[in-house]
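Take a look at the structure set out below.
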Protein chains: 2
Amino acid sequence: MMNADMNTASQILDVAERTMRQAGYNAVSYRDIAGEVGIKSASLHYHFPKKEDLGTALVRRYAEKFRQNLIENIGEQNKSQNKIAAFVLNYRQALEAQGLICLCAVLGAEVFGLPASVTAEVKVFFETNLDWLTAQYEEMNKAHPEDHAKTTLALLEGAMIVSAVNSDMTIFDSAANLILADCK
Amino acid sequence: MMNADMNTASQILDVAERTMRQAGYNAVSYRDIAGEVGIKSASLHYHFPKKEDLGTALVRRYAEKFRQNLIENIGEQNKSQNKIAAFVLNYRQALEAQGLICLCAVLGAEVFGLPASVTAEVKVFFETNLDWLTAQYEEMNKAHPEDHAKTTLALLEGAMIVSAVNSDMTIFDSAANLILADCK
DNA sequence: GTCTATAATTTGATAGAC
DNA sequence: GTCTATCAAATTATAGAC
């Protein structure tokens, strides 16, 4: 009986993640989440006293899932080129399979209106991504690994947004191809 | 006496644009806008009956301003390389001077929660950008001008978000340099 | 952990006077 | 064009029973 539905907190985060990635931080209400989970909104406050707590927990879990998924996608690969490919795939799956933009792209776009603690978690996600990418480009002996890391992350986050608005996956794929071509 | 403050509608749009670019569509309220403009929220409905009307008018004006600003930045230039540089500068000025992310990046991130008419205007903005960029890359005899256009737009929109979250303009500049280097 | 009940505030929106 | 007055609904949040 160890299925995911046993944990109410994780169910709350599941619903919150989907709705926030669809419509942003302010579009998500305790009442709507509670309705979908099947409890009352007052009960939500037991798990996450303030909305800010829900926001930070959400981004933290998202970052951890991203990390775990990356490890899975990398599998047995040990060449940096293939690790970058796994990284790009990580983002692509989120967009195509679930039809959702990266949580941190959505929250990042609203950055000047977010609680400071939520912004801090989004920043950690981006910095972790940049550090990891920089390490890969270093291993590939690129001249300016930090620059490569910055452009790769920006490309993926931006491509998700433009792709979603225009309902056109070829935008994401152009970005992905540019990143992969640069690794050859 | 032809100053901008004469037109209440444009004052409303000024405040709405700034706050939406800071915190997203749902973070902006009629009451807050009215307070800053110095009128009552009921009066706002005279100019924009529904919030959806305000949203569409906002994106339409933003797209037009972007177009006008691009023409100014291009100036006497007639080489496509320099036109692309003006395009990049257009985005950079928004971020650095005003400290704000592109309106359409912010709204685009919330795309699955926006009124359909607002989404449509954001899509027009992106498509216009893509068409213009494609024309420039065609003139430069690039092999796949549409791909170049897609990656350039995605890079700029994504770079604004990551730069803003990390309070680090070098992220935007890495993206800008990649675009400009590709034009040489 | 979840509930009922409730509070204080904010939201988009309308009617009608001036 | 802007105002007052008003509305119904939604928001985050708390107190206290079970």
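The values are calculated or read from the model by the stated rules, or taken from the named source; none is laboratory data. Worth saying up front: this structure is predicted, and the values here are computed from it rather than measured. Using ideal geometry, Cβ is built from the backbone for each residue, glycine included, and neighbour counts are taken over all protein chains shown.
A few comments on the model shown:
- Subset of the range B:118-129 [more than 8 Å from chain A (Cβ to nearest Cβ) and hydrophobic (A, V, I, L, M, F, W, C)]: B:Val118, B:Ala120, B:Val124, B:Phe125
- One residue stands out in the range A:44-82 among those that are in contact with a Leu (Cβ under 7 Å, 6 or more places away or on another chain) and either at pLDDT below 95 or among the basic types (Lys, Arg) (or both): the one that is farthest from A:Ala149 (Cα to Cα), namely A:Arg61.
- Per this entry, B:Leu107 is not counted among residues that are surrounded by fewer than 18 Cβ atoms within 10 Å (Cβ to Cβ) and of a type outside the set (Gly, Ala, Ser).
- Per this entry, B:Ile171 is not counted among residues that are at pLDDT 95 or above, under 29 Å from A:Ser29 (Cα atoms) and crowded, with 24+ Cβ neighbours inside 10 Å.
- When the range B:133-158 is filtered for residues that are more than 8 Å from chain A (Cβ to nearest Cβ) and either closer than 17 Å to B:Gln98 by Cα or among the aromatic types (Phe, Trp, Tyr) (or both), only B:Tyr137 remains.
- Every pair of residues 6+ apart whose Cβ atoms lie under 9 Å, when the first sits in the range A:1-20 and is within 14 Å of chain B (Cβ to nearest Cβ) and modelled with pLDDT of 95 or more while the second is away from DNA strand D (no atom under 16 Å from the Cβ) and in a loop (DSSP other than H, G, I, E, B): A:Glu17/A:Leu100; A:Arg18/A:Leu100
- Every pair of residues 6+ apart whose Cβ atoms lie under 7 Å, when the first sits in the range A:43-72 and is among the aliphatic types (A, V, I, L, M) while the second is buried (at least 19 other Cβ atoms within 10 Å of the Cβ) and not in a helix (DSSP H, G or I): A:Leu54/A:Phe48; A:Ala57/A:Phe48
- The condition of being under 15 Å from the mean Cα position of the chain (by Cα), facing another protein chain (nearest Cβ under 8 Å) and not in a helix (DSSP H, G or I) does not hold for B:Ile161.
- Lone unmet requirement of (1) within 16 Å of DNA strand D (Cβ to nearest atom); (2) more than 23 Å from A:Val111 (Cα to Cα); (3) buried (at least 16 other Cβ atoms within 10 Å of the Cβ) for B:Asn73: (1)
- Any hit, the range A:155-163, residues being surrounded by fewer than 24 Cβ atoms within 10 Å (Cβ to Cβ), touching a helix residue (DSSP H, G or I) at 6+ places or on another chain (Cβ under 7 Å) and more than 15 Å from A:Leu178 (Cβ to Cβ): no
- The residue that is farthest from B:Val162 (Cα to Cα), among those in the range A:100-119 that are free of Cβ contacts under 8 Å to residues at least 12 places away in the same chain and of a type in the set (A, V, I, L, M), is A:Ala116.
- Being in contact with a Gly (Cβ under 6 Å, 6 or more places away or on another chain), free of Cβ contacts under 8 Å to residues at least 24 places away in the same chain and within 16 Å of DNA strand C (Cβ to nearest atom) holds for only one residue in A:Ala34, A:Ala27, and it is A:Ala27.
- For the range B:66-117, the tally of residues that are more than 12 Å from every other protein chain (Cβ to nearest Cβ), of a type in the set (Phe, Trp, Tyr) and farther than 16 Å from B:Leu180 by Cα stands at 1.
- In summary, B:Ala63 fulfils each of the numbered conditions (1) away from DNA strand C (no atom under 13 Å from the Cβ); (2) within 14 Å of chain A (Cβ to nearest Cβ); (3) closer than 26 Å to A:Pro115 by Cα with the single exception of condition (3).
- Any hit, the range B:98-106, residues being closer than 21 Å to B:Met169 by Cα and within 16 Å of DNA strand C (Cβ to nearest atom): yes
- Identification of helices (runs of 4 or more DSSP H) wholly contained in the range B:1-62 with 3 or more residues that are more than 9 Å from DNA strand D (Cβ to nearest atom) yields B:8-23, B:30-37.
- Residue in the range B:29-51 that is farther than 30 Å from B:Lys184 by Cβ and within 18 Å of the chain's Cα centre (by Cα) present: no
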